[in-house]
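Engineer: Next up is a structure, given as structure tokens.
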Amino acid sequence: EIGVIRGSTATPHMKKLEAFEKTLRDAGYRVHIVFSDKQAGCDEMQSPMASLLLQQPAGIALFPGHGQKINETVTALKADNIPVVLIDKFSDEADTVTIDREAGVAEAIRYLHQSGRKNIAYMGSGGQDSRIGGYKRAIAELGIESHSISAPDEPLDEDQRAVVMTEKLLSEWPQCDALQVFSDVMAMSVLRTFHKRGIRVPEDIAVIGFDDRPFAKLASPPLTTVAQPNSGVGTAAAEIILARLESSLPDKPVDRKISTKLIIREST
């Protein structure tokens with residue numbers, strides 16, 4: 001049996017979990033899943049791990065939102081000779097599977113520039129440095145002006161934050177003709193705000209999201225986006241667990257990096 005601790009039930013993460021479970025099931029293992037919605041580092045979050053360890057798992061995977069104290073958890077599991085894989089880079093002490101979000105955003109910015117866009121902005125929520133890192137890298141390579149908008153400090157929901165950021169962008173950099181957005185969810189709010197303001201997409205400004213959520217193709221206009229390889233992540237994590245159980249990996253932790261894919265639709 002393989003154990004999983006996870007928090008987020010967002011569609012992209014569930015796709016990872018689905019592929020993880022199928023790969024291990026095909027290899028003859030059952031997957032025991034414990035859900036957690038607490039913030040990382042809370043003492044009470046040791047209970048999901050304790051519950052999982054009662055099942056005597058052969059290995060454990062920590063998915064986004066797992067709520068564990070990472071280094072302490074990894075150290076404890078290693079001491080018990082239990083292989084552990086992290087979905088996303090939370091520690092250098094354990095095997096990890098990461099999405100190359102930086103390269104994905106950099107590719108999107110280059111595409112916008114090749115399409116004739118000159119003033120390309122980035123809108124983020126402050127949670128993923130790798131995405132804005134890709135933006136900054138591509139902007140530096142192209143030698144063009146940059147402008148990034150981060151989330152406001154006030155307590156707002158995701159839609160409200162996106163609206164505030166969109167209005168801020170239009171006020172601070174009205175010459176902006178292309179925008180890379182942190183997520184598809186945020187991009188939907190951006191599109192709606194542009195529609196209300198009479199700003200045409202893509203004629204006046206091109207918009208690219210991130211994730212390739214199912215609703216992205218239903219947006220108006222259909223949203224160009226950087227697709228995360230969610231199933232590939234889940235499969236890779238399962239393969240690492242299996243390789244550890246077979247002692248076919250080096251002692252040093254491995255980091256399997258999975259590439260994104262730019263999905264071009266009518267918003268660019």
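Engineer: For segment 230-247, state whether one or more residues are open to solvent by less than 50 Å² (accessible area, probe 1.4 Å), outside any helix (DSSP H, G or I) and of a type outside the set (D, E).
Structural biologist: no
Engineer: Has segment 172-182 got any residue that is modelled with pLDDT of 95 or more and assigned to a helix (DSSP H, G or I)?
Structural biologist: yes
Engineer: Going by the structure shown, is I208 outside any strand (DSSP E or B), at pLDDT 95 or above and buried (at least 20 other Cβ atoms within 10 Å of the Cβ)?
Structural biologist: When the stated conditions are applied, I208 does not pass them.
Engineer: Right, something else. Return the only residue of A138, A106, A76 being free of Cβ contacts under 8 Å to residues at least 60 places away in the same chain and under 30 Å from V4 (Cβ atoms).
Structural biologist: Working: A138 fails: under 30 Å from V4 (Cβ atoms); A106 fails: under 30 Å from V4 (Cβ atoms).
It is A76.
Engineer: Could you grab the pairs with beta carbons closer than 8 Å, sequence gap of 6+ or different chains, first residue in segment 211-237 and farther than 30 Å from I199 by Cα, second one part of a loop (DSSP other than H, G, I, E, B) and open to solvent by 10 Å² or more (accessible area, probe 1.4 Å)?
Structural biologist: Note: pairs meeting the criteria are P229/S259; P229/T260.
Engineer: Suppose we filter R137, R131 for residues that are out of contact with any strand residue (DSSP E or B) (no Cβ under 9 Å at 6 or more places or on another chain) and closer than 27 Å to F90 by Cα; which single one remains?
Structural biologist: The match here is R137.
Engineer: Test A61 against the criterion of being in a strand (DSSP E or B), in contact with a Phe, Trp or Tyr (Cβ under 7 Å, 6 or more places away or on another chain), among the small types (G, A, S) and at pLDDT 95 or above, and give yes or no.
Structural biologist: Judged against the criteria, A61 is not a match.
Engineer: Which one is surrounded by the most Cβ atoms within 10 Å (Cβ to Cβ), of the residues in segment 23-34 that are part of a helix (DSSP H, G or I) and without any contact (Cβ under 8 Å) to a residue 40 or more places away in the chain?
Structural biologist: R25
Engineer: Which of the residues belonging to segment 37-56 are modelled with pLDDT of 75 or more and either basic (K, R) or open to solvent by less than 10 Å² (accessible area, probe 1.4 Å) (or both)?
Structural biologist: L52, the sole residue that qualifies.
Engineer: Looking at segment 188-198 only, could you name the residues that are more than 14 Å from E266 (Cα to Cα) and open to solvent by less than 40 Å² (accessible area, probe 1.4 Å)?
Structural biologist: Result: S189, V190, T193, F194.
Engineer: For segment 124-147, which positions are surrounded by 16 or more Cβ atoms within 10 Å (Cβ to Cβ), at pLDDT 95 or above and not in a helix (DSSP H, G or I)?
Structural biologist: Within segment 124-147, S146, H147 qualify.
Engineer: In segment 89-120, which residue that is over 17 Å from D184 (Cα atoms) and basic (K, R) is surrounded by the most Cβ atoms within 10 Å (Cβ to Cβ)?
Structural biologist: By that ranking, first place goes to R117.
Engineer: From V201, V185, grab the single residue that is part of a loop (DSSP other than H, G, I, E, B), of a type outside the set (K, R) and surrounded by 16 or more Cβ atoms within 10 Å (Cβ to Cβ).
Structural biologist: Exactly one residue qualifies, and that residue is V201.
The values are calculated or read from the model by the stated rules, or taken from the named source; none is laboratory data. From a predicted model like this one, the values you see are computed outputs, not experimental measurements. In this analysis, Cβ positions are derived from the backbone assuming ideal geometry, glycine residues included, and neighbour counts consider all displayed protein chains. What goes into the accessible areas is simple: the full protein's heavy atoms, side chains included, and nothing from ligands, DNA or RNA. Shrake-Rupley method; radii C 1.70, N 1.55, O 1.52, S 1.80 Å.
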